[in-house]
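The values are calculated or read from the model by the stated rules, or taken from the named source; none is laboratory data. Not measured: the values here are computed from a predicted model. Cβ placement follows ideal geometry from the backbone for every residue including glycine, while neighbour counts extend to all protein chains displayed. With ligands, DNA and RNA removed, areas are computed over all heavy atoms of the protein, side chains included. Shrake-Rupley method; radii C 1.70, N 1.55, O 1.52, S 1.80 Å.
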Amino acid sequence: MEKANNITNKYGRYIYLASLICFMLLGMDSWVKRVTMVTLACVVLLTNHQFRSLKEMKPEEHIVSGLILILYLMLISQEFNLSILLTALLAMFFVIHTVDAVYLLFQKTVAHNPVFVRNSNYKLNKLEVAVVALSSIVVMTFFTTSSPLYPFNIWDDTNCYFTLGRGIIKNVVMYRDAFDHKGPYLYLIFAVAALISDTTFLGVYIIEIIACFVFAVFCWKTVHLFYQPKRYSLVLIPLGIILTYSCVPFHFGGSAEELSFPLLAVILYLAFKAEHENTLPSIKDTAVIGLLTGVILLIKFTFCGLILGYLIFVIYRCIATKELKKLPILILTFLAGFIAAWIPILLYFGINGALGSFYEVYIYDNLFLYSGESTLSSAGYCLYLFNTTMSNSKYIFTGIVLSICTLAGLKKNFKIMYVLMMVFSFAGTYLPSTHMFYYCFILTTLIMPGFILISMAWDELCDKLSHNKLHLNWIACLIALVLAADSFMSQPNLDLIGKKKENYPQLVFADVIKETPDARILTYDIMDGGFYNCSETLPATRYYCFTNITENLPGVTEGRLKTIENGEFDYIITKSNDYQWSKYEIIMESTLDNQEIPIFVNGEESVTYYLYARK
């Protein structure tokens, strides 16, 4: 055993370097990123001289290492073979020493750096605000298809939200007059966007910038709770934003997840702030957490997993510190903020006589009718689902791993709190009976503690590289910017900039539909897809488009067919030409080619849409 430990200490840096290169080659999706990261890793490792023997590692560090390894194996493969086993051994060594290095780094910082303990009320300076704002604007301008650079946002979900948002400002009552099953606050957000512009996605684009800005600000404030970043770390702000929003679950932009995780970021920051001060959350912060919980609950139920984990932690802390007398006050304050979020919604539906519709759609239908193939039918399918989701979200996965590594250097309560948040966040994301590839985007909040480690390691690297005439610290910053630029240019949405309107059936059909004043249209066997927004029309019937839940509602299909038989619509859009309706005929068809507009995640090469007009 002693001989093995001596080998570990003697050759640790080289094995560590080999395993890190292995990680980089597997984790990066382009050679530019691989070469850049391996180069940076070599620089880091050549300046690192601290390795302990494995027997000096604490048991909890081995446990954390093992958990990270299991998640890593789930990410890279569903099968175990010799190459996977070799990778696993290298990965175990890498993770153990990464956790160890983080632990030593925190110990060193706490002991020798008096600025480690920061002011909990830190406010970003003007330069930091400018960098965050500019990065948010640039990234959203190029990444989200809600941006003016794109003809329109083609995502079905985003168009459904925007159609209802446009309807709300024109007296269409959500749920009662137009059916969709997300929460009312989501549609109100899109109603605000429609007030800015109800014919373009300009308002959605501005709201996405604000959401990105809020997330980045509270990430940076979380870092400042534990560490004072130096000027070199400013380069991490644009890099972090680019990597966060360049993952597959971001898709075309404007999802409920994208607009909600910045709100969860505020809650996580307040939670860390309270624990950093070694106290329970203040009355003000508790009210804010209650208010945001109410808002998030009224966007989507499953987003509240992180909050539930934190509430359990607060109860645990009250018991552990014998502060149970404060618990009733915290509960009442939380409920006050929570109820405050519900009051505008209840008033809206009450005034419009639609409280029954609110209960029926958002509560009953979501809880009992929104179902599909169970993701828990077998352990293998559950593993497959997690694997495919996380393989599409490498940066989210990596951020969570870095957060776990960061917590190895923090006190016990931070670890308990984060584990509870993480477990319940994953439960909310993966346990529901239906699942889409973008659901995991809500887990982005969990990467926030990882920025503490990244900032500390980055500053230490730049400090070591600054003591020379070549100013290698700025070269390191340049390497980071190259990585950011490569990630930026690999965003798939950029390919849609400059596409002609003929490539979009929505815009082709819109030219025809607009010729009919106050046209009434129906998307029959498809979701909205932008047909309402491009043609500047509003829903003419409650079930105005196909959704994942309408097929489970009794009588809906029959009711829609009856309205078609009565000829209640001017135009009907379908993706099938097999319908034989006595009062309608096909007048146009248009194909959405996956080679031109890469939207389909189910492997379809193209979809042809048909425009039926009333005879």
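Kindly indicate whether any position in the stretch 287-295 is open to solvent by less than 30 Å² (accessible area, probe 1.4 Å), without any contact (Cβ under 8 Å) to a residue 60 or more places away in the chain and in a loop (DSSP other than H, G, I, E, B).
Within the stretch 287-295, none of the residues are open to solvent by less than 30 Å² (accessible area, probe 1.4 Å), without any contact (Cβ under 8 Å) to a residue 60 or more places away in the chain and in a loop (DSSP other than H, G, I, E, B).
Here is a yes/no grid of residues against (1) over 27 Å from W458 (Cα atoms); (2) modelled with pLDDT of 90 or more; (3) surrounded by fewer than 23 Cβ atoms within 10 Å (Cβ to Cβ):
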position	(1), (2), (3)
L243	no, no, yes
H251	yes, no, no
N278	yes, no, yes
K284	yes, yes, yes
I315	yes, yes, yes
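Would you check which residues across the stretch 186-206 are surrounded by fewer than 21 Cβ atoms within 10 Å (Cβ to Cβ) and outside any loop (DSSP other than H, G, I, E, B) and list them?
Within the stretch 186-206, L188, V192, L195, I196, L202, I206 meet the criteria.
Please indicate, with yes or no, whether at least one residue in the stretch 382-393 is at pLDDT 70 or above and out of contact with any Gly (no Cβ under 8 Å at 6 or more places or on another chain). Spell out how you get there, then give the answer.
First, the residues of the stretch 382-393 that are at pLDDT 70 or above: 393.
This time we only want the ones that are out of contact with any Gly (no Cβ under 8 Å at 6 or more places or on another chain), so: 393.
Yes: one or more hits.
Among residues belonging to the stretch 547-562 that are out of contact with any Ser or Thr (no Cβ under 6 Å at 6 or more places or on another chain) and among the aliphatic types (A, V, I, L, M), point out the one that is farthest from Y175 (Cα to Cα).
Going through the qualifying residues, I end up with L561.
Based on what the data block shows, is L259 in a helix (DSSP H, G or I), buried (at least 17 other Cβ atoms within 10 Å of the Cβ) and either charged (D, E, K, R) or under 22 Å from the mean Cα position of the chain (by Cα) (or both)?
yes
Within the stretch 226-256, count every residue that is touching a residue at least 24 places away in the same chain (Cβ under 8 Å) and in a helix (DSSP H, G or I).
19
For the stretch 568-580, which positions are in contact with a strand residue (DSSP E or B) (Cβ under 7 Å, 6 or more places away or on another chain) and surrounded by 14 or more Cβ atoms within 10 Å (Cβ to Cβ)?
Residues satisfying the conditions are F569, D570, Y571, I572, I573, T574, K575.
Specify which of the listed residues (D528, D511, D518, D495) is surrounded by 15 or more Cβ atoms within 10 Å (Cβ to Cβ) and charged (D, E, K, R).
D528
One line per residue, one yes/no per condition, for (1) farther than 19 Å from F142 by Cα; (2) modelled with pLDDT under 95; (3) among the hydrophobic types (A, V, I, L, M, F, W, C):
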{"position": "V172", "(1), (2), (3)": "yes, yes, yes"}
{"position": "Y175", "(1), (2), (3)": "yes, yes, no"}
{"position": "H181", "(1), (2), (3)": "yes, yes, no"}
{"position": "P184", "(1), (2), (3)": "yes, no, no"}
{"position": "F190", "(1), (2), (3)": "yes, no, yes"}
{"position": "T199", "(1), (2), (3)": "yes, yes, no"}
{"position": "Y205", "(1), (2), (3)": "no, no, no"}
{"position": "C212", "(1), (2), (3)": "no, no, yes"}
{"position": "F215", "(1), (2), (3)": "no, no, yes"}
